[in-house]
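So the structure is just underneath, and the comments pick up after that.
Just so it is clear, none of the values below were taken in a lab; they were calculated from the coordinates. Being a predicted model, the structure only gives us computed values, none of them experimental. No Cβ is skipped: glycine too gets one built from the backbone with ideal geometry, and neighbour counts run over all protein chains shown.
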Amino acid sequence: MAITYEIVKAVAADLYGGSLKKIPEDTKAALHQARSSESDDSARATIDTMLRSAKAAEQTMQFVCSDSGVPEYLVRIGTEAQLSGNIKQAFVDGFAYLVETIEPPLLMHVQNPLTRERGYAGKDMPLVTYDLIDGADYIEIICSPKALGSGRWAAMEIFTSPPLDVIEKYILECVLKAGSQACPPVVIGVGIGGSFDYCAKLAKQATLRELGKRNPEPAVAAMEERLLKAVNKTGFGPMGTGGDSTAFAVHVEYAAGHGFTPVAVSFNCWINRKAGARIYNDGRVERFE
């Protein structure tokens, strides 16, 4: 058997649509935890509203937020996976199918950056990044739509062999610049090192890590904890209402590189949209968040 165009098209559409109507379970747990530890009355009331909105959206199959963003997929292809058909085109056609069938309808969030014309299709849309998994007999697809609130404030700067305190200062400067406009509590993904493009990829992927899991390297885990405490001392709080809950987590990933060191910072808003699936050679589809 093989992983076909038809099944990839269906899964791609389903993941995008599902991510708009249900917040991940780890994010629900993080909201409840933030609610219990929050010291500010207005912040607690805001988190209560978020929890009610998330529950209502899931029960009624409505969007958690009207800004559905644009579909972004991370596709990891197993080296033992058997593919059949135009797999790349399946993502384009899956998005087009979703636009035609989803209720409520999507707004026109796909924009041509040169003409500013809006629609449902465009060059290189959906946005798909590919990677490999040695020895796996499946492909893994993760959909993480990026909306304006969180997407606008991603940033990168390239330093020359910076010490750790310079890197951490830059990350916090990005957080301060974003303020509450990234719709906190946020998940902050940080990429350090590699090249310009690889660093941005690391930052994006860092936002997808399960909440509550630290980087396995103790020094990096300590950095994540240190940055999270600093971010939550900014006082922006949920949706800018003030309080202790500006971020759910700071996730840091790094790669070796040259003497020039890029540092990238990416944000996921409080909805923390992400939905994934593994499609096996035998046709099984295994969902995960």
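Using the Cβ-Cβ distance between E6 and S39 with R0 set to 41 Å, the FRET efficiency from 1/(1 + (r/R0)^6) comes to roughly 0.20.
Annotation: the residues E225, E168, sorted from fewest to most other C-beta atoms within 10 Å of their own C-beta, follow the order E225, E168. When you filter the trypsin sites (Lys or Arg not before Pro) in the range 81-122 for DSSP loop state and at most 13 other Cβ atoms inside 10 Å of their Cβ, you are left with R116. Nearest 5 is fine: what % of DSSP beta bridges in the chain come out antiparallel, could you say? Restricted to the chain, the bridges split so that about 65 percent are antiparallel.
For the chain, the relative contact order comes to 27 percent (Cα pairs under 8 Å, sequence separation of at least 6). Across the range 148-268, the relative contact order, built from alpha-carbon pairs under 8 Å that are at least six residues apart, equals 45 percent. Potential lengthening of the chain between S84 and K229 amounts to 47.4 nm, from the contour at 0.36 nm per residue minus the alpha-carbon distance.
Measure out, as a whole number of angstrom, how far apart the alpha-carbon centroids of the range 234-289 and the range 182-207 sit. Cα centroid to Cα centroid, the span is 7 Å. Scoring 16-27, 47-58, 261-272 by mean Cβ neighbours within 10 Å over their residues and listing the highest first yields 261-272, 16-27, 47-58.
Pull the list of the chain cysteines that no other Cys approaches to under 4.7 Å, Cβ to Cβ. That list is C65, C143, C174, C199. Counting only residues at least eight positions apart within a chain, or on another chain, the lysines with an alpha carbon under 16 Å from that of K88 are K9, K123.
Long hydrophobic helices in the chain: the complete DSSP H runs spanning 27 Å or more by Cα along their own axis with mean Kyte-Doolittle hydropathy of at least -1.0 are 41-60. With a Förster radius of 25 Å applied to the C-beta separation of L148 and E173, the computed FRET efficiency comes to 0.75.
Among H109, H258, a tally of other beta-carbon atoms within 10 Å of each Cβ gives an order, fewest to most, of H258, H109. Measuring r between the beta carbons of S53 and S161 and using R0 = 51 Å, the FRET efficiency lands at 0.65. Straight-distance candidates among the lysines for linking to K213, with alpha-carbon spacing under 24 Å and chain neighbours fewer than 8 residues away dropped: K22, K28, K146, K169, K201, K204, K229, K233, K274. Neighbour counting of Cβ atoms within 10 Å sorts the residues I7, I171, fewest neighbours leading, into I7, I171. Distance between the 7 Å Cα→Cβ label points at D131 and E25: 2.3 nm.
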